[in-house]
Each structure stands twice: as C-alpha cells, then as structure tokens.
Amino acid sequence: MLQKVKESEEKIKNLSDGELTALTDAFRERYRNGESLDSILPDAFAAMMTADERVLGKHPYDVQVLAGIAMHQGYLAEMNTGEGKTLSATMPLYLNALTGKSCILVTTNEYLASRDGEEMSEAYNFMGISCSYPRTNEKEEMTDEEKKEFYQADIIYMTNGMLGFDYLFNNLVKNKNERFMCDFYYVIIDEADAVLLDSAVMPLVVSGVPRVQSNLYDVCDFFVTTLVEEIDYEEEDNAVWLTPKGVEFAENFFGIDNFYSKENFEINRHVTLALRAHKAMKNKKDYVVTDKGEVELFDGATGRLMHGVKLRGGLHQAIEAKEKVEISQEYRTVASVTFQDLFLMFDKMAGMSGTLTDARDELWDVYHKKVVKIPTNRPVIRKDLKDRYFVNAQEQFWTAADDVIRLHETGQPVLVVLNSVTDTDLFSRLMIQKDIPHNVLNASNAFWEAQIISGAGRLGAVTVATTMAGRGTDIKLGEGVRELGGLAVIGVGRMDNSRSERQTRGRSGRQGDPGFSQYYVSLEDDIVGAEDDEKLQKYIDGKKHISKWKIRQIVNQSQKFNTETEEMGRKKSVQYDQVLQRQRNLIYETRANLLDGAKVKEETLASIAEENIESYLDERKTLELPDLNRYILDNLSYSLDGRIKAEDLADYGKVKSYLADCFHHGLDRQQERIGNSECYEQFVREATLKAVDDGWVELIDYLEQFKYAVSGRATAQRNIMFEYQNEAFDLYLDTEKMVKKNIIRNILMSDVKADKNNHPVIVYP
C-alpha cells in the first residue's frame, strides 16, 4: 500500500493548487458511487501529503505514511517520540472525512488539541475540509449554537474529557433542537495508552440535584477511628475492608442485624467510605486542605490542584469528615461514562503513542485492538544505560545530583524525571544548594509545560520534571548539543510501569539524535513500599547487608506487581461499566426516539396501565376501599366517582375493569383539556421522557453508590461482581416498573394546557 501511495504522489505532486484542492470533491464522488475508502486511500493519502508539504512545509516520511495506513485500518500505532505522530494523523483523518461522517482526533490536554488543530487545519482547509479545535484564548464556554457548529466540522480536534462530557450532556437534553453532537464514526486517540489505560477507570460524572445530607459521615468517621488493623479491618494494595470481626463490631455499634442487608445499605456505604478516607486517601498526596478549610484533590504526578473536582460517591465528603472541615453538599449522579465505554461506541477507533507494545495484551482484551510497531525514520542511537541500584533514597538522590552537575558542567542538557511533586521539590533543593540553574516543571499549565520541555534540549539546560510533564511535546536539540552527546535523561525512582519509563527514555534520541538515559533506583522508591516492611527497613538503615542484584529483584517485582494490580483494576472497571452500558444504551435509545418525535400509541399506554394495575392488585392479599381510593388519587385521578363499593372489592375482574376505565377517562380528559392533537402527542412524549429520565437518575445514582458498598462483601465469602450484577439487574427491573408507573401518573395527573404556539405547558404532579 505504501508503494501505491508513492506512485500516486508522483502523479499528483505537480498539480496546481486549484487542481489539488478539486481532488477532494472527486474523492467524495468516488465514495458516493460505491468505491471503498481502501481503494481511494493511495490517491487521498498522496493528495494530503502534497497539501501538508505545500501548506505546512512538512513532507511525511515513509514511516509516517505507514502509521497513517495502520490507523485508517483501526490499529494502535506505536511510534517513537519525535517521529511525527501529529502529521501522520492528517492522512487517515482526511481519508475518512470524505465519508461526510465525523472524524475526531482526541488528545490529553487542551493546549495540544488547540496547537495541533490550529496548525493542521491550514492543510485541511486548503483541501476543502473543515476543522474545529478548542480556542485556548477564549475563556467563555461555547453557546449551544457554537457547539453545534463545532461538531459539524469534517475533522475535530479535542480532549478526551471534552468529548466524554459533551456525550453525557448531549444525552441529557429535553428537546431535540438542543442536541449538538455528531454521530460517532472515526476517532484517533493521541497518547492512546494514557487515555485508554491510565485514565480509563476514572468515570466522567455529571451531577444533578443534591442528595439529602446525611449525618452518617461524622458518625461513621468516629466509628472507623475505633477500629484495630488486622483485627477489625485489613488493608492491602490501596484497598481496605472490614474483617468478619469488624462486621460484627459494626452491627453491634449501629444496632443492626445484618451489615450487608439492603435496608442497611447507607450504613454500609458510609462505613466503607470512611475506611477508604482514613486508610487509602493521604493528605498532601491525594488531596490537600486549603487555608479556606476546603478539601481539594491533588495530582501527585503533575502537581496540580484540581479545582472544583470532587471524588464521587460520597468519598469527598468522607475525607472532609476525616479532616474535620465543613462537609460539602453531596450531589446525585445523573449521568456517567468511562473512557473505556466511550471509545468503544465509535464505528472505527485507532490510536498512536510511543509506548503501546508493553500493554498490547490488555489493549486487545479490553478494546480488541492490535498494536502495530512502526519503524523509526532514522535508526535510534540513544544509549539506554543499565539502571543503578541503591539501598536508600539519600544515596540515590545525591548520586543522581552529582551526575547531573557533572553533565551540566560540560554543557550537555539534562532532563531529570521523578515520580512526584515532592521528589521534584527535593531534587530542586539539591540543585539550588549547588548553584545549578534549572527549571522545575511540576505545577504549571499545559501551555507552559510545553514551552519549558521544548527548551530542555538547549545547551546547559537542566530541567527537573514529573513523569507526565510535557507529554506530547518534542525536545529539539540546541546548537552544539549534538557534539556533546545529545540530551541526557536521568530517571530518579522506579516508575509505576515500564510504559512510563519508556516514555521518559524516549524524550532523548528523536530522529536519530544522540543521547542517553539512565535510571537511579532504590528500596525507598514509592513503588516498593518499604516503609511498611520491617525487613526492608533493616537494609535501608544499614543494619543488614543486601546485594545490588537483590535490590534489582525487589524493585522490579514491585513494579510488576503494581502493573498487574493496575490492570486488574481496569478490567474490574470494565466489568462494572459493561453492566451499566447495556442499561445506558437502552435508556439513551429510548430518549433519542422520543426526542425524534416517536409517537407513544394509546394501545402502548393502555398496556402499561394494565400492567401497573395488575401489579398493584397482585401485591395485595386483601383490598380495602381506602387503599384503593388512595391508589386512584395518587396515580389515576384527583377525584373519586364512587362507582366502586366495598362489596365489589372481592371481584378481581370488576376492580381491574374499573381502574382501566379510570385510566381511559383520564386520557380523554387530558385530550379535551389540550384540544390540539399534535400538542397532546408532544405532551405524552414529554411526560414519558420525564418518567424515563427520573428512573434513570435514580438507577445510575444508586449503582454509583453501590460500587463502594459492595467492595466489602468479599470478606463475607461473596463474589463482588456477581453481587453487583445481580443487584443491577434487580434494580433495573424495579426501575422499569417505577418508570411505567410514572409514565401513566405523569400523563393523567399533570396540569397541562397548550400555549399560543400549541406547545404543552406542563406542571407535573
């Protein structure tokens, strides 16, 4: 296929600008006439390559073309840092945009989406293809009309978070005219491993009406402070749960019979949250308490405070109770989706990153996507030196600092990468002590990250950064640096997984540049967790000798275990969300049909009403007249006609027929009140939609809370996922029943009239 593209380019490259631009309409016509995209690919790729060169001054390398072909075919392309992933994406995006369907490039932050979109749009526009991207200089949110225009473009550059939230909000609208998103067709995910793996388990949540504030947060916070580790609870791998003895203690403390019963769900949930807040969430690591007495989440890897972001499911409030600050309002979850499910909704998904092969098995298991390794344009001559191992952090940091100083004295630029903000601050202090000028990159915005990291290759530059700093930005060597050996990358501390380490090493040696990388590792690296191991502490304190080989074995096993734990967590998240996704699809499909004007037939309403009536009557062994009247006044009519008597209640058929008559009379009454048939049909649709939405909010909110409560059931010899699936299924059936009840109630009991435009004005019961 590459050869065919090059042959097509030879024919196309001498065309005039007008002739080149005209090819887009010709390609579209070929597609409309039934020709496949694969057949059009050589000519379309060649055309876009020519446009890239003429407009951007960049001609794609052969390897970039290969990556583009792979991404068109739906593969995840591994491309080394500096190999031009952004330019590679222009070709498959252009080709797929010829279909008239949405083509989206997703990246990890708004700066990259804006930068790449602005640059590449010039080439797209030249070829007659429209392109949308975030405008970082615009502070105000887009209006509904601007959103619609944004998503109408042929090619869209955006962040994964923006895409996810827009998807949720688009499925919460009450009127079809408010919908703004395009249908999902083709997506390319930049830094695919960061999005599909590292960010996969964190759900995007839209909150709605507040929950009734519970006093259980303070009570349960006090309760967990009385628990004894390994007797009442156990903690392992950032998970914490009550032991059988702890469950018994909880039952006695709260005066309940069964900690895991449905009626004690709120107590179970709040105890689980309080345990996690105390044992799994650490101040100044996972969050900070501000001077204003507010708990703000803290990204230890980037150093950023996540203003306005709160942990879901009540965990944020549990932390506030732990820290003895004012407990904020907990809001109901009205919509939620994970990136795992979001990207599986696309007809075609592809991606690119410098570190994908290490996770190829997981990417296949979860997304059914194969990883293709793209060769480099030039041979990689960077030297990846053997790791150096140390017993303790002091020796590790000082040795690394001394080596950085030695390199700096030669003029060779150095990038020092550490695992956390705390570590970058510590290393920075060592540099200050030695009067070494340097940049610290750990808490700035994405724009300045890119500026600092792009300048890290200048003569004499020393840059101290966290692991994610500058991802997606190339480091180009300054004048005279190549002769000194290129960029030196010093990694201090074993990282969470090998992908992160490869990403860091890849900062050096772009496009055949010289350079080297080396890691400095110790038993005190966070991933080892030596502070909780008395045996390891003896080695660290120098009380017992340990060999370098043994240190390497311990540290590498810790990384392997961490990687496996992360993978298990992501797979569990997939299982949880698969349950929700099936239900989400049914609900959103129903919503879409109603918004698009689907008529709710009277026979359908009659069938629902009959089901409601039968359910009500079947649930009662005996029927009393006051109970029946109460049912009518709550669900069917605001008045009683007195036609049914106490002596009639023993006749099931008569009572059922009477209630059915009440239903039909109610429909007739609403039709007469509204008058206009189109207005009446719209009213029925809106009343049905409200019942569906109310039921869905209750369902999704409960399941979000239940995830936390069910986690403790493993100690009660229960299968957590089985419990969750059963509960979700039972709850869905209950919700379906409630929705049907509320559909009839909304239609019969609402105060409704037609306005001057014959639109229903509704006051729901």
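If you average the sequence gap of Cα pairs under 8 Å that are 6 or more apart and divide by the length of the range 383-546, what percent do you get for the contact order?
Working: 309 pairs, mean separation 49.9, N = 164.
Normalised by residue count, the contact order of the range 383-546 is 30 percent.
Taking the Kirkwood radius as the inverse of the mean 1/r across Cα pairs, report the Rg/Rh of the range 55-150. Walk me through the numbers on the way to the answer.
Working: Rg = 14.1 Å, Rh = 14.5 Å.
So for the range 55-150, dividing Rg by the Kirkwood Rh gives 0.97.
Given Cβ point charges of +1 (Lys, Arg) and -1 (Asp, Glu) and nothing else, what value in debye, to the nearest 20, does the dipole of the range 508-655 about its Cα centre take?
Computed about the Cα centre, the dipole is about 1120 debye.
According to the square roots a ≥ b ≥ c of the eigenvalues of the Cα gyration tensor, what is the shape class of the range 53-111, taking rounded for a/c under 1.5, prolate for a/b larger than b/c otherwise, and oblate for the remainder? Let's see the in-between values first.
On the way: a/c = 1.26, a/b = 1.19, b/c = 1.06.
The shape class here is rounded.
Mind running the shape call on the range 584-763? Use the C-alpha gyration tensor, a ≥ b ≥ c as the square roots of the eigenvalues: rounded below 1.5 for a/c, prolate if a/b tops b/c, oblate otherwise. Walk me through the intermediate numbers first.
Working: a/c = 2.78, a/b = 1.31, b/c = 2.13.
Oblate shape, in that a/c is at least 1.5 and b/c is the bigger or equal ratio.
How far, in nm, would the chain grow between Asp183 and Thr410 when pulled straight, counting 0.36 nm per residue and subtracting the alpha carbon separation? Could the numbers behind the result be given before it?
Details: separation 227, 0.36 × 227 = 81.72 nm, distance 5.57 nm.
Fully extending the segment from Asp183 to Thr410 adds 76.2 nm.
Around Val416, which amide H atoms from residues at least 5 apart in sequence, or from another chain, sit under 5 Å from its own amide H, with H modelled in the peptide plane?
The list, which skips near neighbours in sequence, is Thr463, Val464, Ala465, Ile490.
If you find the alpha carbon centre of the range 540-571 and of the range 246-298, how far apart are they in angstrom?
What the calculation gives is 30 Å, centre to centre.
In the set (1) 29.2; (2) 33.6; (3) 30.0, which value of Kirkwood radius over Cα pairs in Å was calculated from the structure you see?
(3)
Stretched out fully, how many nm does the piece from Lys645 to Arg32 gain, at 0.36 nm a residue minus the Cα gap? If you can, show how the numbers build up before the last one.
Working: separation 613, 0.36 × 613 = 220.68 nm, distance 6.92 nm.
Extending this stretch completely gives an extra 213.8 nm.
Charges on Cβ only, +1 for Lys and Arg, -1 for Asp and Glu, centred on the Cα centroid of the range 383-546; of Val414, Trp398, Leu484, which one is farthest towards the dipole's positive end?
The residue sitting farthest along the positive end of the dipole is Leu484.
Which is farthest toward the positive dipole end of the chain among Gln559, Thr735, His368, measuring Cα position about the Cα centre, with Cβ charges +1 (Lys, Arg) and -1 (Asp, Glu)?
After comparing all options, I get Gln559.
Using a ≥ b ≥ c from the Cα gyration tensor of the range 383-546 (square roots of the eigenvalues), is it rounded, prolate or oblate, where a/c under 1.5 gives rounded and otherwise the larger of a/b and b/c decides, a/b for prolate? Before the final figure, lay out each step's value.
On the way: a/c = 1.83, a/b = 1.71, b/c = 1.07.
The shape class here is prolate.
Restrict the search to the range 587-685; then list the chymotrypsin sites (Phe, Trp or Tyr not before Pro) that DSSP places in a loop and that have at most 16 other Cβ atoms within 10 Å of their Cβ. Let's see the in-between values first.
Details: sites: Tyr588, Tyr616, Tyr631, Tyr638, Tyr652, Tyr658, Phe663, Tyr680, Phe683; in loops: Tyr638.
Those that pass, being in a loop and sparsely packed, are Tyr638.
Enumerate by residue number the GluC sites (Glu not before Pro) in the range 95-149 meeting two conditions: DSSP loop (anything except H, G, I, E, B), and at most 11 other Cβ atoms within 10 Å of the site's Cβ. Could you put the intermediate results ahead of the total?
On the way: sites: Glu110, Glu118, Glu119, Glu122, Glu138, Glu140, Glu141, Glu145, Glu146, Glu149; in loops: Glu138, Glu140, Glu141.
Within the range 95-149, the qualifying GluC sites (Glu not before Pro) (loop, at most 11 other Cβ atoms within 10 Å) are Glu138, Glu140, Glu141.
Dipole magnitude of the range 212-329 about its Cα centre, charges +1 at Lys/Arg Cβ and -1 at Asp/Glu Cβ only, in debye to the nearest 20? Display every interim value, and only then the final one.
Numbers: 14 positive and 22 negative charges, 97 e Å.
Taking the Cα centre of the range 212-329 as origin, the dipole is about 460 debye.
To the nearest 20 debye, what charge dipole does the chain have about its Cα centre, counting +1 at the Cβ of each Lys and Arg and -1 at the Cβ of each Asp and Glu?
Values: 94 positive and 126 negative charges, 334 e Å.
I would put it at about 1600 debye.
Once R0 is set to 30 Å, what does the formula 1/(1 + (r/R0)^6) return for the Cβ-Cβ distance between Glu229 and Asp257, expressed as a FRET efficiency to the nearest 0.05?
Values: r = 26 Å, r/R0 = 0.87.
Efficiency, rounded to the nearest 0.05: 0.70.
Which one of Phe150, Asn377, Asn264 has its Cα pushed farthest toward the positive end of the charge dipole of the chain, where Lys and Arg give +1 and Asp and Glu give -1 at the Cβ?
Asn377
Remind me, relative contact order of the range 584-763 in percent, using alpha carbon pairs under 8 angstrom and six or more residues apart? Could you put the intermediate results ahead of the total?
Values: 152 pairs, mean separation 57.4, N = 180.
Worked out over the range 584-763, it gives 32 percent.
Sorted from fewest to most neighbouring beta carbons within 10 Å, what does the list Thr21, Thr225 look like?
Working: Thr21 17, Thr225 10.
Placing the least packed residue first, the sequence is Thr225, Thr21.
For Asp387, Asp62, what's the fewest-to-most ordering of other Cβ within 10 Å of each Cβ?
Working: Asp387 18, Asp62 13.
Final ranking by Cβ density, sparse to dense: Asp62, Asp387.
Restrict the search to the range 515-583; then list the chymotrypsin sites (Phe, Trp or Tyr not before Pro) that DSSP places in a loop and that have at most 12 other Cβ atoms within 10 Å of their Cβ.
Numbers: sites: Phe516, Tyr519, Tyr520, Tyr539, Trp549, Phe561, Tyr576; in loops: none.
For chymotrypsin sites (Phe, Trp or Tyr not before Pro) across the range 515-583 that sit outside H, G, I, E and B with at most 12 neighbouring Cβ atoms in 10 Å, the list is empty.
How much length is gained on full extension from Asn758 to Lys101, taking 0.36 nm per residue of separation minus their Cα-Cα distance? Please list the in-between numbers first.
On the way: separation 657, 0.36 × 657 = 236.52 nm, distance 3.53 nm.
Gain on extension, Asn758 to Lys101, equals 233.0 nm.
Going by Cα centres, the range 103-121 and the range 396-430 are how many Å apart?
So the two Cα centres are separated by 32 Å.
Bear in mind these aren't lab numbers, they're just calculated from the coordinates by the rules spelled out. The structure presented is a predicted model; accordingly, all values stated were derived computationally and were not measured. Virtual Cβ from ideal backbone geometry, glycine too; neighbours counted across all protein chains shown.
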